[in-house]
Amino acid sequence: MSARPSAAQLTAFATALLARAGLDAEKSAAVAEILVEGDLLGHTTHGLALLPAYLADIEKGAMTKSGEPRVVADFPAAVTWDAQRLPGPWVVRRALDLAMARAQQNGICTVAIRRSHHIACLAAYLQRVTEQGLMVLLTCSDPNVCSVAPFGGRREVFTPNPLAAAWPTAGDPVILDVSMSITTNGLTKRLHTEGKKFPGAWALTAAGEPTTDPAALSTNPPGTLLPLGGVDHGHKGYAFALLVEALTGGLAGHGRADPKEGWGATVFLQVMNPACFGGVEEFRRQTEHIATTCRATPPRPGFDRVRLPGERGLARRAEQLAHGVALHPSILPALAPWAAKLGVARL
């Protein structure tokens, strides 16, 4: 189609593909909605670009098509699930619903999830939490793969281990989603496919030399991504990657020390209710004050103004909801064979 497809069209298309592949209606809709939300926010490597790989895993039995997470532990403010390789977006949304309900009563609720399938774009989950006046922290690791070296090393140990959070202000929420490596595996693969380079030395060769070439991760043995902070300050990203491992694999009781099962995620999420701490009005007074102060800071050369994390993504989301989604040009062609195979009309 020549015009930009609407979010509703893309969601219906993705839902139909997932349903034909074998997921039930609820799971298909949840996965489709999170993937499209990723594209709406501008995370084009973690939106519908993931759908072909999800469909392939459903086909080969690497994603569980039906059932419920198994409860490992359940206390009022601390819950652990074994997701049994169910679709990650559906599992995480279910966990957030539980955490939001319990945080309203208890002030805070944490859910650790082991053995989920991949959970897509972390930022895509957050706004529905802040709309309830709540604060959220969400992070994940994939114990089955690794592509990031610890600071000072040259062999992969971690995944990019993203950390996301969001909280309300008097206006739009602050939304952050930051990897503990300089870049992601998805962008690395895309740049490699397109024959492009990193903007800077974001990776190491197998010999441990900094490089701008994403192909370094495809050699044998492979190179690695650098932790956030790069060759100079990568000790910071490395430390945060270790924190993510403790929050995810550590608290869930399943991670890199266990046998590999395939592409997936170990998840930590926590919802906090300001009403049970210093109060809602005081929380928003503080968060709005710092937001206003940041926006009022004089910009340095090369910047028109100071923005808050998530501000650009929310503006992009509003524009794309109004005028259609500007998908990366590789996405619909990659889904065309699946549409033909599953008998779903192409967009």
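Just to be sure, is Ala207 crowded, with 17+ Cβ neighbours inside 10 Å, closer than 22 Å to Thr188 by Cα and of a type in the set (Gly, Ala, Ser)? Can you show your working first?
Working: crowded, with 17+ Cβ neighbours inside 10 Å: no; closer than 22 Å to Thr188 by Cα: yes; of a type in the set (Gly, Ala, Ser): yes.
Judged against the criteria, Ala207 is not a match.
Based on this model, can you work out whether Ala78 counts as within 28 Å of Cys109 (Cβ to Cβ), surrounded by 15 or more Cβ atoms within 10 Å (Cβ to Cβ) and either more than 20 Å from the chain's Cα centre (by Cα) or at pLDDT below 95 (or both)? If you could, list the steps in order and put the result at the bottom.
Values: within 28 Å of Cys109 (Cβ to Cβ): yes; surrounded by 15 or more Cβ atoms within 10 Å (Cβ to Cβ): yes; either more than 20 Å from the chain's Cα centre (by Cα) or at pLDDT below 95 (or both): yes.
Judged against the criteria, Ala78 is a match.
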**Message:** As an exercise: evaluate Ser141 against (1) surrounded by fewer than 23 Cβ atoms within 10 Å (Cβ to Cβ); (2) farther than 20 Å from Leu41 by Cα and give the number of the one condition it does not meet.
**Reply:** (1)
**Complete:** Here, helices (runs of 4 or more DSSP H) confined to the range 229-347 with at least 2 residues that are closer than 23 Å to Ala3 by Cβ are 311-323, 331-342
**Message:** Can you go through Ala252, Ala246, Ala265, Ala241 and tell me which one is without any contact (Cβ under 8 Å) to a residue 12 or more places away in the chain, assigned by TED's automatic domain parsing to the domain that holds Val136, within 28 Å of Arg70 (Cβ to Cβ) and of a type in the set (A, V, I, L, M)?
**Reply:** Ala246
**Message:** Here is a list: Pro69, Pro52. Which entry is closer than 15 Å to His118 by Cβ and in contact (Cβ under 8 Å) with a residue 12 or more places away in the chain?
**Reply:** Pro52
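Got at least one residue in the range 155-169 being among the charged types (D, E, K, R), farther than 30 Å from Val280 by Cβ and over 20 Å from the mean Cα position of the chain (by Cα)? Step through it out loud before you land on a result.
Looking only at the range 155-169, we keep the residues that are among the charged types (D, E, K, R), and these are 155-156.
From the residues that got through so far, the ones that are farther than 30 Å from Val280 by Cβ too are 155-156.
So of that shortlist, the ones also over 20 Å from the mean Cα position of the chain (by Cα) come out as 155-156.
For the range 155-169, residues among the charged types (D, E, K, R), farther than 30 Å from Val280 by Cβ and over 20 Å from the mean Cα position of the chain (by Cα): present.
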**Prompt:** Do we have any residue at all in the range 177-185 that's assigned to a helix (DSSP H, G or I), among the acidic types (Asp, Glu) and at negative phi?
**Reply:** no
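Looking only at the range 93-110, decide whether some residue is farther than 22 Å from Ala275 by Cα, in a helix (DSSP H, G or I) and touching a Phe, Trp or Tyr at 6+ places or on another chain (Cβ under 9 Å).
From the range 93-110, those farther than 22 Å from Ala275 by Cα are 93-94; that's our starting set.
Pick out the ones that are also in a helix (DSSP H, G or I) and you get 93-94.
From the residues that got through so far, the ones that are touching a Phe, Trp or Tyr at 6+ places or on another chain (Cβ under 9 Å) too are 93-94.
Within the range 93-110 (the criterion being farther than 22 Å from Ala275 by Cα, in a helix (DSSP H, G or I) and touching a Phe, Trp or Tyr at 6+ places or on another chain (Cβ under 9 Å)), the answer is yes, since at least one residue qualifies.
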**Asked** How many of the residues in the range 333-347 are without any contact (Cβ under 8 Å) to a residue 24 or more places away in the chain and within 25 Å of the chain's Cα centre (by Cα)?
**Response** 2
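The values are calculated or read from the model by the stated rules, or taken from the named source; none is laboratory data. Model, not experiment: these values are computed from the prediction. Neighbour counts run over all protein chains shown; Cβ positions are idealised from the backbone, glycine included.
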